[in-house]
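Encoded as structure tokens, the structure appears first; notes follow it.
The values are calculated or read from the model by the stated rules, or taken from the named source; none is laboratory data. A quick note: this is a predicted structure, and the numbers were derived from the prediction, not measured. Quick reminder, even Gly has a Cβ in these numbers, built from the backbone with ideal geometry, and neighbours come from all protein chains shown. For accessibility, only protein heavy atoms count, side chains too; no ligands or nucleic acids. Shrake-Rupley method; radii C 1.70, N 1.55, O 1.52, S 1.80 Å.
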Amino acid sequence: MDWLEDVITRIFAKRGSLNQSLFLYLFIGVLAVAFATLITVSICVSWERLIIMPESEEVFFWSYLAWTPPKTSLPTIQLLEAVRHYCVFVYGFLGIYFSTKMFYRKRILQPITILEKSIEEIEKGNYQHTVYYTTYDEFEKTSLGLDHLRLTLQANEKKLNDLYHDQKKVNAAFSHDLRTPLATIQNNLELIEAYYEQDRLSPEAFEKSAIKIKNSITRLSSFSETMQQLQKLEDRPLHKTLQPLNQIEEHLQEISQHRPEKDISITKEYPGITIKYDLDLINEVMENLLNNAYRFAKKRIDITITLQEKLLIIYVKDDGPGFSKKELLTATEPYYSQNKNSHFGLGLTIAEALTQKHGGNLKIANSIDGGAIVSAVFALTN
């Protein structure tokens, strides 16, 4: 039956639904039954005529097939007649059997096997295994749905891994930043206790240690507030609304007017369009980037706003010292700062988290002319 499978494979190049496929398999099986029946009847009639009328004249095809031999008791003729009358039932059974068998094997078993293997890979946590089935029927729709589920699980796993690594960074920074104020509190308490036991605790020494303890407690309180700020950032919803894109530029101009100590240049490289985005979120990112630029810029800050397809890119460049090699790797980590005594270094961390929430990212680099460049990318929606 290989020839029948080849015929069906060529016909199924057009593809169709399962019920259409079953009808086609059965139709081809009926054609095969009819063809086999005609061949068998023709052979039987040929033998019958050869036995009974060896020198008979030729007749038309259909008359030939409908020819009935005279009544005879020859067992050979009776056997051939039985084959002529009952072969259609035998071929019909075989045709239905092989047609449904091929349909099950090609259109049912094959996709089920593919789906089972894909589900096994997903259960193992292997989300790289693509669910691939190329026939346009109900099983392909199912495979596409399963592949979409695979991609969703893969994306969720990546998010969980990123969240896990970010949490590890926060915990490491948490432990690192707690050591200094806690050590200061402990050392000064031990110093006060030792001086008190020796009756050498002067008011000046006590006041000096108390100030250090107070400053460390203030630092810990600030640290607790920043931890709450990070937690709120994770739970912050994204609100994209349809509005003119130039509102970002207007907000930046307002900031530059309120902080005239540095020269701010704003370059606009986008058309006047209305598009969906979260204005408050983008403004918060820009405020964090500008605060960072104001701290390190000498005289000038250059801002460039560009639009590339559906991505809004904002560059903030200052004429300060730029980032060191270490800072290029760690500047966006939680609580990183060049000056730990005055700032916990959350500005770039918050900016990076907010750009990612808006479907983009944050990149830092050094300019060829000197100074730092921070680019914030936001995904926009028409």
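Residues in segment 92-115 that are modelled with pLDDT of 85 or more and within 30 Å of ASN161 (Cα to Cα): 0 in all. Considering segment 300-317, and only residues there that are modelled with pLDDT of 90 or more and among the basic types (Lys, Arg), the residue that is most open to solvent (accessible area, probe 1.4 Å) turns out to be ARG300.
With respect to GLY320, determine if the residue is surrounded by 16 or more Cβ atoms within 10 Å (Cβ to Cβ) and not in a strand (DSSP E or B).
So GLY320 passes the test.
The rows are residues; the columns are (1) of a type in the set (Gly, Ala, Ser); (2) closer than 25 Å to ASN19 by Cβ; (3) open to solvent by 80 Å² or more (accessible area, probe 1.4 Å).
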| site | (1), (2), (3) |
| --- | --- |
| ALA82 | yes, no, no |
| HIS85 | no, no, yes |
| TYR97 | no, yes, yes |
| TYR104 | no, yes, yes |
| LEU109 | no, yes, no |
| THR113 | no, yes, no |
| GLU120 | no, no, yes |
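For PHE35, are the conditions met, namely being over 47 Å from the mean Cα position of the chain (by Cα), open to solvent by 80 Å² or more (accessible area, probe 1.4 Å) and at pLDDT 70 or above? Yes. Just one of the listed residues (THR135, THR130, THR184) is at pLDDT below 85, in a loop (DSSP other than H, G, I, E, B), over 30 Å from LEU26 (Cβ atoms) and touching a helix residue (DSSP H, G or I) at 6+ places or on another chain (Cβ under 8 Å), and it is THR130. Annotation: LEU26 fulfils all but one of (1) open to solvent by less than 90 Å² (accessible area, probe 1.4 Å); (2) at pLDDT below 75; the unmet one is (2). Within segment 237-281, the residues that satisfy the criterion of being outside any strand (DSSP E or B) and closer than 20 Å to ALA372 by Cβ are LEU252, ILE255, SER256, ARG259, GLU261, LYS262.
Scanning segment 238-265 for residues that are β-branched (Val, Ile, Thr) and surrounded by fewer than 16 Cβ atoms within 10 Å (Cβ to Cβ) yields a single hit, THR241.
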